[in-house]
Amino acid sequence: RKKVTIGTLRSLHKRGEPITMITAHDFPSAHVADAAGMDMILVGDSLAMVALGMEDTSEVILEEMLLHCRSVARATKAAFTVGDLPMGSYEIAPAQALETAIRFIKEGRVQSIKLEGGKEMAPTIERITTAGIPVLGHVGLTPQRQNALGGFRVQGKTSLGATKVLEDALAVQEAGCFAVVLEAVPAEVAAVVTQKLDIPTIGIGAGNGCSGQVLVQVDMTGNFPPGRFLPKFVKKYGDVWTESLRAIETYRDEVKSRQYPAPEHTYPIQREELESFVK
Ligand code: KIV
Ligand code: NA
């Protein structure tokens, strides 16, 4: 498979072919996403919850994101990689954001970065993109601002709210983003925003009118124990947790019953060597 570049993404968008994106947080999850033919792999700050067991994304720090980006980059041969700037690493000033973005490229080894926010982030996005680092925008529901938003709420449900989503998307496009994530907005609103933009929209909980889709891999592969809450927009395509559980339980049973390891799992020794050894 050929390496996906900014140019590849542009031509997919131009011919109306949906762009596929999924998160990965380490070497194996990136490996499988790349093998499955994903156009883009995002090292999201959802890493905080899905890989590190944290309460929310505000807890994950820059160095942790960089470590995981590096492991994802090592496994990704074709997909275009994106690293998610964690809360606190870019909001203070455009210069801080640029410094962080450069660390993602140099140390995280990803090809682009994502940051949350609309109009107010335009100068920051401009600063990063003019330094030659592609930026993926993220508007609508921006989880790093959950405390200000009053939780994980659908955005753009009113005419005023929808106008804000559109204006934010236009502002990040104007500032130089190569694409923008639309999270948790009504499908009709996302479709209108997509029509009004020149850059691709990547939807999550934003319906089928976007230029592409993104999901959190751990959610869509079912790699979590039963009973965990899943947002409405997640489709569970697999049951990795149950498969892992079955495998590990079988291993446990076979060790307890001495079925494992069997002769084919052991190393041979020559008879004379053994006789000399046990003598
Ligand atoms: O952190 C993340 O995984 C994300 C995607 C859900 C867009 O930001
Ligand atoms: Na994120």
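The values are calculated or read from the model by the stated rules, or taken from the named source; none is laboratory data. Values in this document were obtained by computation on a predicted structure and should not be read as measured data. FYI the Cβ positions are ideal-geometry reconstructions off the backbone, even for glycines, and counts take in every protein chain you see.
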Given the residues V216, V255, which is the only one that is within 21 Å of V50 (Cα to Cα) and either out of contact with any His (no Cβ under 9 Å at 6 or more places or on another chain) or β-branched (V, I, T) (or both)? V216
Selection status of H13, over 16 Å from the mean Cα position of the chain (by Cα) and not aliphatic (A, V, I, L, M): yes
Residues (at negative phi and small (G, A, S)) located in segment 181-197: A187, A190, A191
Do we have L47 as within 12 Å of ligand 1 (Cβ to nearest atom) and either on the phi > 0 side of the Ramachandran plot or in contact with an Asp or Glu (Cβ under 9 Å, 6 or more places away or on another chain) (or both) here? yes
Would you confirm whether any residue within segment 127-147 is within 14 Å of ligand 1 (Cβ to nearest atom), touching a strand residue (DSSP E or B) at 6+ places or on another chain (Cβ under 7 Å), assigned to a helix (DSSP H, G or I) and under 27 Å from M49 (Cα atoms)? no
In segment 198-228, anything on the phi > 0 side of the Ramachandran plot and touching a Lys or Arg at 6+ places or on another chain (Cβ under 8 Å) is listed as G205, G222
Is it the case, given these coordinates, that R271 is of a type in the set (D, E, K, R) and either touching a His at 6+ places or on another chain (Cβ under 9 Å) or farther than 28 Å from G83 by Cβ (or both)? yes
Looking at segment 235-256, is at least one residue among the β-branched types (V, I, T), surrounded by fewer than 22 Cβ atoms within 10 Å (Cβ to Cβ) and either touching a residue at least 24 places away in the same chain (Cβ under 8 Å) or within 30 Å of I6 (Cβ to Cβ) (or both)? no
Would you mind finding the one in E63, E126 that is exposed (fewer than 15 other Cβ atoms within 10 Å of the Cβ), on the phi < 0 side of the Ramachandran plot and not hydrophobic (A, V, I, L, M, F, W, C)? E63
Please indicate, with yes or no, whether at least one residue in segment 92-104 is crowded, with 21+ Cβ neighbours inside 10 Å, within 14 Å of ligand 2 (Cβ to nearest atom) and modelled with pLDDT of 95 or more. yes
Quick check, is V189 surrounded by 19 or more Cβ atoms within 10 Å (Cβ to Cβ), β-branched (V, I, T), in contact with a Gly (Cβ under 9 Å, 6 or more places away or on another chain) and more than 28 Å from L98 (Cα to Cα)? yes
Selection over segment 264-279 where residues are assigned to a helix (DSSP H, G or I) and either basic (K, R) or touching a helix residue (DSSP H, G or I) at 6+ places or on another chain (Cβ under 8 Å) (or both) yields a count of 1
Test G83 against the criterion of being under 24 Å from N147 (Cβ atoms) and touching a Gly at 6+ places or on another chain (Cβ under 8 Å), and give yes or no. yes
Go through segment 174-263 and tell me which strands (runs of 3 or more DSSP E), entirely inside it, have 3 or more residues that are within 30 Å of E120 (Cβ to Cβ) and of a type in the set (K, R). none
Just one listed residue, out of T130, T81, is under 22 Å from G212 (Cα atoms), polar (S, T, N, Q) and touching a residue at least 12 places away in the same chain (Cβ under 8 Å), and it is T81
